[in-house]
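Inspection log for the structure reproduced underneath, given as structure tokens.
The values are calculated or read from the model by the stated rules, or taken from the named source; none is laboratory data. If you're wondering where the values come from, they're calculated on a predicted model, not measured in any experiment. Note: ideal-geometry Cβ built from the backbone for every residue, glycine included; neighbour counts use all protein chains shown. To get the accessible areas, we keep the full protein, side chains included, count just its heavy atoms, and leave off ligands, DNA and RNA. Shrake-Rupley method; radii C 1.70, N 1.55, O 1.52, S 1.80 Å.
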Amino acid sequence: GKAKKTELPRISELSQRTNRCNLSARRYTESELADLYQKEDVEILSLSASDRYGDMGLVGAAVLHINETSTTIESFFLSCRVFDRGFEQSLLEYIKQLAGKKLLIGIFRKTPQNSKYEEFYPKNEVKVLC
């Protein structure tokens, strides 16, 4: 869902620590996220997860730029411990719902660490911007 202001420190921490599952390789400070949080054309999403073993807490986030014709996923990152368990699909489906019929664009910057996920956007019908 939409991130709460109190979640911004954890989202910043995830962006700084996540390498393999950070599709844009973008890092955020808490102050950068706080500035983005105030903008009307930006949506910050957070993903908290739990499974039968317990609560994993906030494990993923996305930063979206929304305009009249498109929604751009500026950043999409998840803790490596939850990627490939379906949580990334849940977050992306929520983004697709928010985007509605608008063009959905995902920024992907290939790094040696995240190359495994290079096809994530294309496989999910998201236009890729490199």
If we ask which residues in segment 9-31 are touching a residue at least 60 places away in the same chain (Cβ under 8 Å) and within 21 Å of I95 (Cβ to Cβ), their number turns out to be 10
Inside segment 83-113, the number of residues satisfying the requirement of being within 14 Å of G60 (Cβ to Cβ) and more than 13 Å from the chain's Cα centre (by Cα) is 3
Screening I44, I66, I107 for residues that are in contact with an Asp or Glu (Cβ under 7 Å, 6 or more places away or on another chain), among the β-branched types (V, I, T) and under 19 Å from R17 (Cα atoms) leaves only I107
Condition set among the acidic types (D, E) and without any contact (Cβ under 8 Å) to a residue 60 or more places away in the chain, scope segment 75-126, selection surrounded by the fewest Cβ atoms within 10 Å (Cβ to Cβ): answer is E125
Checked segment 1-53 for anything modelled with pLDDT of 95 or more and polar (S, T, N, Q); matches are T6, S12, S15, Q16, N22, S24, T29, S31, Q38, S46
Residue under question is V63, and the condition is that it be among the β-branched types (V, I, T) and buried (at least 17 other Cβ atoms within 10 Å of the Cβ); does it hold?
yes
Note: among S31, S15, S48, S24, just one is under 13 Å from the mean Cα position of the chain (by Cα) and open to solvent by 10 Å² or more (accessible area, probe 1.4 Å), namely S48
Going through segment 114-130 in order, the residues found to be over 23 Å from L98 (Cβ atoms) and assigned to a helix (DSSP H, G or I) are S115, K116
E68 meets each of (1) within 20 Å of P112 (Cα to Cα); (2) surrounded by fewer than 21 Cβ atoms within 10 Å (Cβ to Cβ) with one exception, condition (1)
Result of the Cβ filter at 7 Å on segment 32-48, keeping first residues that are at negative phi and partners that are of a type in the set (S, T, N, Q) and open to solvent by less than 30 Å² (accessible area, probe 1.4 Å), at least 6 apart or interchain, is L33/S12
